[in-house]
Structure formats: structure tokens, C-alpha cells
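None of the figures in this text is laboratory data; all of them are computed from the coordinates on show. What you see is a predicted model; the values in this text were computed from it and never measured. Neighbour counts are summed over all protein chains in view; Cβ atoms, including those assigned to glycine, are modelled from backbone coordinates with ideal geometry.
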Amino acid sequence: MRLKRFAPLLAAAGLLATTVPLLGATQASAAPGPDFLRQKPAWHRCSADQPASYECATLKVPLDYRKPDGPTLDLAISRMKSTDPAKRHGVLLLNPGGPGGSGLDLPLLMDGAMSKDVRDRYDLIGFDPRGVGASSPITCGLTDAEQDFDRPYRPESFGSDVTWARTVADKCREKSGAVLPHITTRNTARDMDTVRAVLGEKKLSYLGYSYGTYLGAVYSQMYPERTDRFVLDSGVDPQRIWRGMIQVWATEAEPAFARWTQWAAERSGEFGLGETPKAVSDTFWGLVARADREPIDFEGQKVTGAMIRAARGVFFYPSQASPLVAALKAAADGAPATPGTDRAELVRLLRGGSSAAAEPAGDNGTAVFWAVVCGDTGAWPRYTEQYERDAAKDKVRYPLYGDFASNVKPCAFWDRPVEAATPMRKAAGVLTVQNEWDSQTPLTSGQGLHRALKGSRMVLAAGGEGHGVYLFDPSSCANAAVDAYLVSGRLPAQDVTCQNPPAAAGKRTPAPERRMPFPSAPGRF
């Protein structure tokens, strides 16, 4: 079994938000007191249509760990136990990223994807982080339009961008103000340690993707003596949280774009975009300019130049970007589509890998996203003038996405964080894993995580495309090293760089970008 359902899970936001009652400030229940670490999970079958081995439970965790006798939140957890007690090493906690991603059904997905050697050694533990899905979900009451933060900088529209950012912050404060300050990475790490204690484990092993790498890194610094076998896949640079992680989408889109122009030029006979990289680039920017003057009618959508630029993640996958740009050019020219073109797939790629939702999505994932990225750090600028200066400058320096990345965000108007970001000062013998061409946590970000965690080792899949490495691509050269570490607990003697099979780069379907619920929103981590 491959992780066919895993990538959409990572891209989803607020997966359970429409089916679980939302937690208001007055709904927080009475705390179990200082005995919360001694509670016993009441395990039960998650649902009748799932295997009996897939069990769920709900814990109580303090809303504010400084006040353990105060209000609590529900924390939904799940498990699939090891089937070989003789080989069992412990528990492996799983996180899909986000912030705002649900991880409750990860044990079910991982159970059929992991090698038997790995699977035998762990009880797989999933959870919805605080504020997410079945874990006392929060909301900001945002409309679809308010969830879209893919906003290109233009002097004439900057005032409305500021109004949007202030509105999001105000609505979040109004809807979830008492809970919002405590939806942070540090508190989620505390929840992880509560899960460890409640399950009776001395140490915790962990597999986290994307944002989950930062969560795992924070845990390793807060609880180094309880950090066991940690795999941090597709790394967030702790020095870039969180504005810098959005801006890195812009800086690293430029080399990816250059790589794509070379790839497309070498296949000019197939795609007709130009015979040299410069010619391909000229074709692209000409198309963007045309779409800004008059939106392109593409599969019933009016595609603007800003929408084309906002799909910056697709250029990390040259074999996906080329047919998309060629189809948009044909539509702009009024030419028929190339026979055999999967237009629905191209629309999906234009949206960054997400499909149109059958019904409007809730804003749970978006609410948690802003709670974490604004509440983790006080480094966000507080003056709108700085955002305007940065966006204007970066529109020139990084033309594909620079102005989107540096434009004003709700964090400019967020309440100050309850506590400071976690310093990365302690040794952490963890394994970091990275694709060379990752659109959401680019290589430079993964390298930053590796540098920050002294004593860590890095496995780099050279030529690897896609966000998420281990178990995402069955042909990835990185899988064997991760398996060996999870089985033995021994880190490689030194960093490992392996070469992904050349065929994998051209044929692999990319994992969807991290998406907000609104189809035109940018990715998440």
C-alpha cells in the first residue's frame, strides 16, 4: 500500500471542523487538577467502518500549562498497536504538518505503508493537535475570501490588504480570544509529553513532516531527556519562524523557475514554450502580463497573472509546470487544447495541487495556522509601512512570488505572544530528511533545521522532488536510511546524500501544496 491518501491529508485544513462542535472561551471544561498526567485513556474502536485495531481516546490537557488546575482542552488521540510484542520498542507519535493539519488517522495510513521491520517496533500514535479537528477546534469565523492570503502587492490595493489583515486578527480575537494565545507550538509539545506520560512511556519516538519538524525540534529542546528516535521530514528552519518561512517560498521559487525554463527549453518541440531558457521565461512573463490585462478563460475560471504567479510551487515539478503553462498559453491564444491533455489535472495544479471542494470548507485549519504562526514568535513587524516597503522591494528581487510573501499578514495586528520562541541550544540526536526540490520547505530551510539541531544527521535525496520524503515516494533513496534508523535507533555516522532514481523526478505526481481551504490560497507547511 502506498500513501495515496496521505498527501491530501497533509494539504487539508480543518478536516473535522464541520463535524465537531467548536470550542468557545466559555466552553472550556473544568480541569482534572494536577492529576491530568495520571489519567487513563478509555480506548475504543474509532468507528464501525474502520479496523477494530484502530482505536481512539480523548484526553484532557490544560489550556494553560502554567495553570494546571484551570480550564482544559480535549486532545483526541488514536493508536494501532504493534503486533509483535517481542520486537516492540515503544510508541511512535505522528504529525502531518500544518499548522492546522489533522493527524488522527495517520496510524491507519501508516500501518499499510511502513515496512514490517519498522511497524513491528512501535505502537503508532496519532493525534489532532490542540485546536484542530477533534481536539477542541477553534474558529475565527472567516469567510472563504478572508482565508485567502495570496495577495500580490500593488500600491493601489495595499490599503485593502491592511484592512483584510486587521479584520482576520480581530475576528480571531472575537471568536476564540481566550483560547487563541495557547494554541502554540510550545503548548502542543507539552501535549505530546502528556501523551507520553499517560501512555506510560519513559521516552517518545516521533515522525513529523513539514511543520511537524519544527514541533519535533521544539519538543527535543524542551524535553531532551525524553527524546528517543525522532525523524523530522521536510524541515522548517527554526531561525525563519514564521515570516521567514513564508518569504523562503519566494527566494527559492527563483532557482526552481530557472530549472524549469531549462527543462522546458530542452523539450520545446513538445511544449512550444521556447527553444532557450530565456525564450521560455519570456513566454511565461508575456502570458502573465496578458492575463493581468485580460484574465484567461480556462476551464470556466478567469485566470489572472497573479493567479499564475501564485502557483509558484508547481515550478518545482518541471514535468507538471510545462503542460500547465502550455495549456494556459493555448487558452489565451484561443487555440484548442493538445489532444490527451488532462485539463482537470491542470486546474488542480493551478490551484497548487488541491481539488475544488464539494462544499465550502470551514476555517479551523486557517484559524490554527494563524494562531501558531502569529503566537509562536514576537518577531513579526508591527508597522504596516515595513510590509509595504518589503513587498515592493521583493516584487523586484523575486518576481514570481516575492510580493505575495512579504505583503502584510494578520500577525501585524495579533496580540503579543504569551511566551518567547524556543531557542535551539541543546544537542538533539535526531534524523532530518529532505528532498532537494521541495516547494514548501525548500532545501535551504531543511539545512537550517539540521544546523540548528546539534548532533542531528541529515539524509538528502539529491534530485528528489516533492514535499514529504519518507513513505511519500516508494522509490526515494532516503527510505532505507530512515527505516534503518527507526529499527535500530542508530543515526548514520555522518550525513547521507543519495541520488534519487532519475525516472522518479519526471514521473512522480507531486504531493499537493499546503493549502488553505480557499482554492486560491497559498500553501502551508
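Can you give the % of DSSP beta bridges in the chain that are antiparallel, to the nearest 5? So the antiparallel bridges in the chain amount to around 40 percent.
Extension gain, Asp292 to Asp170, is 40.8 nm, computed as 0.36 nm per intervening residue step minus the present C-alpha separation. Taking only Cα atoms, what is the 0 to 90° angle, nearest 10, from helix 185-198's long axis to the longest principal axis of the chain? So the inclination is approximately 40 degrees. The smallest convex shape that holds all Cα atoms of the stretch 441-493, its convex hull, gives 86 Å³ per residue.
Restricting the trypsin sites (Lys or Arg not before Pro) of the stretch 163-225 to loop positions (DSSP other than H, G, I, E, B) with no more than 13 neighbouring Cβ atoms within 10 Å leaves Lys202. Take the Cβ atoms of Lys87 and Tyr65, set R0 to 45 Å, and the FRET efficiency comes out at 0.85.
Computed over the chain, the per-residue total of -39500 (n - 2.57) for DSSP H runs of n ≥ 4 gives a 222 nm mean residue ellipticity of -11000 deg cm²/dmol, rounded to 500.
Close amide H partners of Gln301, meaning residues 5 or more places away or on another chain with modelled amide H under 5 Å apart, do not exist here. Can you pull out the trypsin sites (Lys or Arg not before Pro) in the stretch 44-146 whose DSSP state is coil and whose Cβ has at most 10 other Cβ atoms within 10 Å? Taking the stretch 44-146 and a limit of 10 other Cβ atoms within 10 Å, the loop trypsin sites (Lys or Arg not before Pro) found are Arg66.
Only Cα pairs under 8 Å and 6+ residues apart enter the sum, and on that basis the relative contact order of the chain stands at 20 percent. Once you reduce the stretch 97-115 and the stretch 141-170 to the center of their Cα atoms, the two points are 32 Å from each other.
Quick note on the stretch 410-472: its Rg to Rh ratio, both from C-alpha atoms and Rh being the Kirkwood radius, is 1.10.
Inverting the pair-averaged 1/r between distinct Cα atoms of the stretch 195-308 gives 18.0 Å as its Kirkwood hydrodynamic radius. Note on Lys409: lysines with a C-alpha under 29 Å away, same-chain residues under 8 apart excluded, are Lys171, Lys175, Lys302, Lys393, Lys395.
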